[in-house]
Every structure is written in structure tokens, then in C-alpha cells.
Protein chains: 2
Amino acid sequence: MVAVKTIGRVRTQASEEDIKRGRSSIVSKIVIDRRYVDGLRGLDGYSHIYVIYWMHRRAGRRAELLVRPRGRADLPEVGVFATRSPSRPNPIALTVVELLKIDGNVLKVRGLDALDMSPVLDIKPYDYYDVIQGIRVPGWFERIWAERRD
Amino acid sequence: MVAVKTIGRVRTQASEEDIKRGRSSIVSKIVIDRRYVDGLRGLDGYSHIYVIYWMHRRAGRRAELLVRPRGRADLPEVGVFATRSPSRPNPIALTVVELLKIDGNVLKVRGLDALDMSPVLDIKPYDYYDVIQGIRVPGWFERIWAERRD
């Protein structure tokens with residue numbers, strides 16, 4: 001066990017249903033604790049950032065190790081580490097978002113799939129090392145991707 | 001504070017100096033706790049994965065909020081959230097690696113910058129949503145990128 005601090009909170013009006021419909025147009029705020037505000041210096045040089053947050057509504061619930069992606073009966077049962085499902089031993093979420101604006105300790109971002117008041121554990125820049133070309137993904141993911149609307 | 005479980009450990013012969021010279025050729029193992037082995041089913045469908053791990057040698061050390069990237073005096077002082085520096089409120093690391101092989105509960109990966117025995121907190125697939133084209137990064141990062149040898 002490691003003890004991880006909450007460095008801030010997500011503030012959003014997006015509901016679980018909004019997020020399921022697609023996160024690409026959702027605009028949210030991330031309010032960083034004022035004691036960490038110096039840590040944001042220069043972050044505005046990046047167009048995209050990683051948000052690592054805690055899926056607090058899942059915390060304490062028993063994690064299944066096998067899931068059907070997005071709960072879809074037509075997709076194969078796979079291990080949780082092969083998905084971004086919230087059902088996992090540690091309900092840590094990782095999402096790349098577009099950084100729209102920084103105003104003091106408040107980040108405005110687009111594309112975050114977090115619910116309101118989610119504890120934020122870390123913010124990291126998304127840089128060239130994170131852009132991998134020619135990746136391989138499983139067939140079920142190719143299907144989801146082909147059907148996406150956002 | 002949130003309590004996060006260790007789901008496995010990094011096993012590697014790479015030293016801190018090896019990692020500083022460039023992580024791209026480093027081959028490491030990730031040994032997942034046997035109780036979570038079902039969670040790995042189907043992960044081999046991906047060429048790349050995210051490893052979220054705990055920089056245990058940093059834990060307990062005071063985090064600076066302003067750092068010079070890679071400790072270089074010729075680069076500007078920026079906030080830790082604008083870098084991947086290990087000095088940060090939570091010493092959580094995030095690295096995209098190439099997944100070479102899975103053998104039971106042991107993953108063989110290339111490109112991991114973790115030290116031996118680092119606690120692993122989560123494994124996530126790297127998928128098309130994670131590939132962002134046309135990103136913007138700060139000038140200091142462009143410099144590091146242009147000078148890279150790996």
C-alpha cells in the first residue's frame with residue numbers, strides 16, 4: 001500500500017451518461033490545491049496533458065478482474081488490465097485531455113471523463129515520447145473505434 | 001489521501017545511469033501479483049502499454065515544486081507538473097512501454113525507466129485515443145527532443 005495525496009479536484013457538470021456518450025466535447029475544470037500552484041508554471045506550453053485521477057465512486061467496491069468492455073455482451077470477456085474499465089484493483093484513471101486555459105490554480109480542459117469532485121493525483125505533460133505510431137490493438141478495440149461517434 | 005495497492009513489482013538490471021542514458025533499449029520484467037493474473041487476459045493484443053508505478057526511492061523525500069528539467073542549468077526553471085520529474089507531490093510515474101511478451105504473471109517490456117523493485121500501481125493498454133497528432137510542447141522540450149540519442 002502506498003499513500004497518495006489529493007492534489008486537486010475535478011469540477012464538472014458532466015454526468016455519467018454524458019461521459020458514456022463521448023468525452024471529446026466535455027469541458028471541465030481541475031482545481032489544484034493552492035499549495036501546489038507553483039508546480040503549474042510552464043504547463044501552458046503544452047497543448048495536451050495527462051490527468052491521473054481517482055475514481056472515487058468505485059473506491060471500496062470489489063473489483064472484477066474480468067470484464068466485457070463497456071459492458072457490451074457482444075464483446076469478449078477480457079482482463080481489466082487490457083481495458084480502461086473502472087473495475088480494477090486500484091481505481092486510478094488516466095486520460096489525455098486538451099489544455100484550454102490556466103487561470104491561477106484552475107485548469108480548463110476538454111475531453112476529461114471524470115465525474116465531479118474526483119480527486120486528482122497527478123498532472124503530467126503529454127509530450128513526443130507519448131505519441132506512438134503504428135500501434136497494435138485487439139480486434140474488439142478496433143470495433144469500438146470504428147463505431148465511435150466522437 | 002487515498003490508499004493504493006501494489007499490484008506487482010518491476011524487476012530490472014538497469015541502473016539510474018542506464019536510465020539517464022536513454023530508456024528505449026532497456027528490457028525489464030514486471031511481475032504481477034498472482035492474485036491479479038486473470039486481469040492480464042487479452043493484454044497481449046496490444047503492442048504498447050502504460051505502466052503506472054511508484055518511484056519508491058523518492059517517497060518521503062520533500063518534493064520541490066520548481067525544477068530545471070533533467071537538472072540542466074541551461075534549461076528554464078519550470079513547475080513539476082510541466083515535467084516528468086520524479087520530484088512531485090506524489091512520486092507516481094507514467095511510462096509508455098513496448099510489450100514484448102507475457103508469460104503467466106510476468107510481462108517483458110522494452111522502454112521502462114523504473115528502478116528495480118519499483119511498486120507497480122496499474123497497467124493500462126495504450127490505444128488509439130492515446131495517440132494525439134499535432135501536439136504543442138514548450139521550447140525547452142523541443143531542445144531536449146532534438147538532442148536525444150535514443
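The values are calculated or read from the model by the stated rules, or taken from the named source; none is laboratory data. Quantities reported herein were computed from a predicted structural model and do not represent experimental measurements. Positions of Cβ are backbone-derived with ideal geometry, glycine not excepted, and every protein chain shown enters the neighbour counts.
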field: Filter pass, residue A:87 being in contact with a helix residue (DSSP H, G or I) (Cβ under 8 Å, 6 or more places away or on another chain), of a type in the set (Gly, Ala, Ser) and more than 8 Å from chain B (Cβ to nearest Cβ)
entry: yes
- request: Could you tell me which of the residues B:99, B:107 is farther than 23 Å from residue A:3 by Cβ, among the aliphatic types (A, V, I, L, M) and under 14 Å from the mean Cα position of the chain (by Cα)?
  value: B:99
query: So, in the range B:49-66, of the ones that are hydrophobic (A, V, I, L, M, F, W, C) and buried (at least 21 other Cβ atoms within 10 Å of the Cβ), which residue ends up farthest from the other protein chains (Cβ to nearest Cβ)?
result: B:51
field: Among the candidates A:65, A:75, residue that is closer than 22 Å to residue A:138 by Cα and in contact with a strand residue (DSSP E or B) (Cβ under 8 Å, 6 or more places away or on another chain)
entry: A:65
- prompt: Which one is nearest to residue B:54 (Cα to Cα), of the residues in the range B:104-126 that are more than 7 Å from chain A (Cβ to nearest Cβ) and either without any contact (Cβ under 8 Å) to a residue 24 or more places away in the chain or of a type in the set (A, V, I, L, M, F, W, C) (or both)?
  reply: B:120
message: Could you list, ordered by first residue, the pairs with Cβ atoms under 6 Å in which the first is in the range B:127-150 and surrounded by 11 or more Cβ atoms within 10 Å (Cβ to Cβ) and the second is among the aromatic types (Phe, Trp, Tyr), at least 6 apart or interchain?
response: B:127/A:141; B:128/A:145; B:137/A:46; B:145/A:128
task: Any chance you could count how many residues in the range A:18-42 are at pLDDT below 95 and within 8 Å of another protein chain (Cβ to nearest Cβ)?
output: 0
- request: Considering only residues that are facing chain B (nearest Cβ under 8 Å) and touching a residue at least 12 places away in the same chain (Cβ under 8 Å), look in the range A:67-84 and name the one that is nearest to the chain's Cα centre (by Cα).
  value: A:83
Within the range B:83-122, tally of residues that are in a strand (DSSP E or B) and either over 23 Å from residue B:64 (Cβ atoms) or not polar (S, T, N, Q) (or both): 20
Residues located in the range B:86-103, provided they are under 17 Å from residue B:50 (Cβ atoms) and polar (S, T, N, Q): B:90, B:95
message: Which of the numbered conditions does residue A:45 fail, given that it passes all the others? Conditions: (1) modelled with pLDDT of 95 or more; (2) surrounded by fewer than 20 Cβ atoms within 10 Å (Cβ to Cβ); (3) over 21 Å from residue B:127 (Cβ atoms); (4) more than 9 Å from chain B (Cβ to nearest Cβ).
response: (4)
task: All but one of (1) more than 30 Å from residue B:142 (Cα to Cα); (2) under 13 Å from the mean Cα position of the chain (by Cα) hold for residue A:93, so report the exception by its number.
output: (1)
query: When you go through (1) of a type outside the set (Lys, Arg); (2) surrounded by fewer than 15 Cβ atoms within 10 Å (Cβ to Cβ); (3) more than 7 Å from chain A (Cβ to nearest Cβ) one by one for residue B:93, which number turns out not to apply?
result: (2)
message: Against the conditions (1) in contact with a Ser or Thr (Cβ under 8 Å, 6 or more places away or on another chain); (2) modelled with pLDDT of 95 or more, where does residue A:63 fall short? Just the number, please.
response: (2)
statement: Among B:9, B:35, B:23, the single one that is closer than 22 Å to residue A:3 by Cβ and buried (at least 17 other Cβ atoms within 10 Å of the Cβ) is B:9
